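**Student:** Before I ask anything, let me first share the structure, which is written out below as structure tokens.
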Amino acid sequence: MPVFAGTLPGIVGLFLERLTLSGYAGQYVYGVFTCGESSGFESAALNAALSAKGIGYNGSFDVVMPDNFIVWSDVPPQSRIDTILADADRMLDEIIAAVKSKTDGRIDASAPKMPYFPLQKVSSKDGTSKLFADDKCTACGLCADICPMSVIKRDTDGKPQWDGNCTMCFACLHRCPPMAIQHGDDTADKGRYVNPNITL
């Protein structure tokens, strides 16, 4: 799962809060985190969430991926992306071997600084959404189709409007074919990242 500001994404945190399992005692449970540099305290957050449900935790593994939270930074150059992805493939092989051998990962038993990244209440209508589509928007509707929270609706011209609880995954921003979706003044001149192994 991805790392959001050093902890669990809001949508994952809510899922874990609602999770009910039976007959799961003694099973091996791991966290595999994709992150720009490190997973921060996400392992502690997952450990705490699982512990609250009486579920054991065998630790976590980090898979460093290209940092795509472009509000704070920019996507790396393509040469760096290629290196990161090659390293990630090797790390995945190591993780698979560890899980198969039931080897524990990193276990952080400390109290998490934040149990999960809070969902952001956004509304284009009320002016509380920093996400918007600029003049390059072609009204293709892809952003609305892929939003995991169903936050994006289309207006009478087919243009996206945000209204609801956004998990800030930025799938809409990175997947927009003409790069029309922006976040305030933070993203207009920055690159976009889409994993080359994923197609929609």
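The values are calculated or read from the model by the stated rules, or taken from the named source; none is laboratory data. Keep in mind that this is a model prediction, so the values were computed, not measured. Counting neighbours? That spans all protein chains shown, and the Cβs are built from the backbone with ideal geometry, glycine included.
**Student:** Collect the residues in segment 66-82 that are in contact (Cβ under 8 Å) with a residue 12 or more places away in the chain and either farther than 17 Å from residue 190 by Cβ or not in a loop (DSSP other than H, G, I, E, B) (or both), keeping them in residue-number order.
**Tutor:** Answer for segment 66-82, where residues must be in contact (Cβ under 8 Å) with a residue 12 or more places away in the chain and either farther than 17 Å from residue 190 by Cβ or not in a loop (DSSP other than H, G, I, E, B) (or both): 80, 81.
**Student:** Also, quick follow-up: Being modelled with pLDDT of 95 or more, within 26 Å of residue 12 (Cα to Cα) and in contact with an Asp or Glu (Cβ under 8 Å, 6 or more places away or on another chain) is true for just one of 151, 99. Which residue is that?
**Tutor:** 151
**Student:** Then there is this: Taking the criterion of being β-branched (Val, Ile, Thr), in the same structural domain as residue 64 (by TED's automatic domain parsing), under 23 Å from residue 176 (Cβ atoms) and assigned to a helix (DSSP H, G or I), would at least one residue in segment 96-115 satisfy it?
**Tutor:** No, the conditions are met nowhere in segment 96-115.
**Student:** Also, quick follow-up: Restrict the check to segment 36-48 and report whether at least one residue is at negative phi, among the aromatic types (Phe, Trp, Tyr) and in contact with a helix residue (DSSP H, G or I) (Cβ under 6 Å, 6 or more places away or on another chain).
**Tutor:** No - not one qualifying residue is present in segment 36-48.
**Student:** Which residues, counting only those in segment 81-116, are surrounded by 15 or more Cβ atoms within 10 Å (Cβ to Cβ) and more than 29 Å from residue 26 (Cα to Cα)?
**Tutor:** 81, 84, 85, 88
**Student:** To continue, here is another question. Identify all residues within segment 83-122 that are basic (Lys, Arg) and in contact (Cβ under 8 Å) with a residue 60 or more places away in the chain; write none if there are none.
**Tutor:** Correct list: 102, 106, 113.
**Student:** Out of curiosity, is residue 40 surrounded by fewer than 17 Cβ atoms within 10 Å (Cβ to Cβ) and in a loop (DSSP other than H, G, I, E, B)?
**Tutor:** no
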